[in-house]
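See structure below.
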Amino acid sequence: MLDRIAPAAGPTASGAYSPAIRAGNLIFVSGQGPFDPSSGEIAADDIAGQVRSTLDNVALLLQAAGGQLADVVRVDAYLADLDDFARYDEAFRDVFGEQLPTRTTVQAELGGILVEINAIAYLHDAS
């Protein structure tokens, strides 16, 4: 079973892709940025605020697919500047708490935002 997830009140795709796909017990969330879903505007100016806003968007898509951040097992994160790593890591820890997923973080050109994050979540109950 494959469900494409694109909630009306959630983040929208800026290209030819699905914001998220649920495949059985797995939810794959495409790269999300720090955009307010209702306005499309960047939701914060600093790295910590952008990380929180980006993870809020990930959470919205997970919820629409029947999951939550606690279900995330893998994250790939892209930072515009690796000098922001410590503040990014602190905000990431604040959001995930003790339920830290596996993660890779690299520097990338992001076209005006400071962070982009994609995620994979595992649901124990695939119903």
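General remarks:
- Spatial separation of Cα centroids for the range 1-54 and the range 57-84, in angstrom: 9 Å
- Charge-dipole axis of the chain as Lys and Arg at +1 and Asp and Glu at -1 on Cβ define it, positive-most pick from Gly66, Gly49, Gly111: Gly66
- Estimated distance in nm for a label pair at Glu98 and Asp36, the labels positioned 7 Å out from Cα along Cα-to-Cβ: 3.6 nm
- Simple spin-label estimate for Glu90 and Met1 gives 4.3 nm between the two label positions (7 Å along the Cα-to-Cβ direction from each Cα).
- Approximating the spin labels as points 7 Å out from Cα along Cα→Cβ, the Tyr17-to-Asp81 distance works out to 2.5 nm.
- In the chain, the DSSP-assigned H stretches of four residues or longer account for a calculated mean residue ellipticity at 222 nm of -7500 deg cm²/dmol, using -39500 (n - 2.57) per stretch and the full residue count as denominator.
- Taking every alpha-carbon pair within the chain, the share separated by more than 26 Å comes to 15 percent.
- Crossing angle, helix 47-64 versus the chain [Cα axis fit, 0-90 degrees, rounded to tens]: 10 degrees
- Computed over the range 1-108: relative contact order in percent, which uses C-alpha pairs under 8 Å that are six or more apart: 23 percent
Computed from the coordinates by the stated procedures, all read-outs in this text should not be read as laboratory data. Please read these numbers as outputs of a predicted model, since none were measured by experiment. As a convention, Cβ positions derive from the backbone with ideal geometry for all residues, glycine included, and neighbour counts pool all protein chains shown.
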